Amino acid sequence: MNFKILIAEIRAKEAREIEATLLMLEDRGLQKIIAVWPNIELVQPIELEPKEWKSLWTYVKYSEEDVASLAGLDIGPTKVLLRRAIALHLIYPDGSVHPFAKSALQQRIKDILGVKK
């Protein structure tokens, strides 16, 4: 199966699952991971056999050091936060983030900056 199609299907199924967003809103580290994730260079497969969520990540290569650097975190906490973000399905192996988590983070930024709707 095509990797991008598989991830799109997963995203579509999870779009209404918003509970993990609450954890993200209470954790500045997770917020930083979500904020930088789309900017991380990923090496992804083109084709693969349909797999479960956790095993999909074994096909994706990225630099934890780059994530730590962009997020302004030390490497140890970054590794823990990446594991949490992956397990909670807040970030996706194609470089995208959960749509509701993204919207919630964007709203939080607007609130902090005092931007009106």
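Report the number of Lys pairs in the chain whose alpha-carbons are under 19 Å apart, with separation of 8 or more residues or on distinct chains.
Qualifying lysine pairs in the chain: 16.
What nm value, rounded to one decimal, do you get for the distance between LYS116 and LEU25 when each label is placed 7 Å out toward the C-beta?
2.3
Bear in mind that the values in this text are calculations on the coordinates, not laboratory data. Just so it is clear, the structure is predicted and the values come from calculations on it, not from any experiment. When we count neighbours, we look across all protein chains shown, and the Cβ atoms used for this are built from the backbone with ideal geometry, even at glycine.
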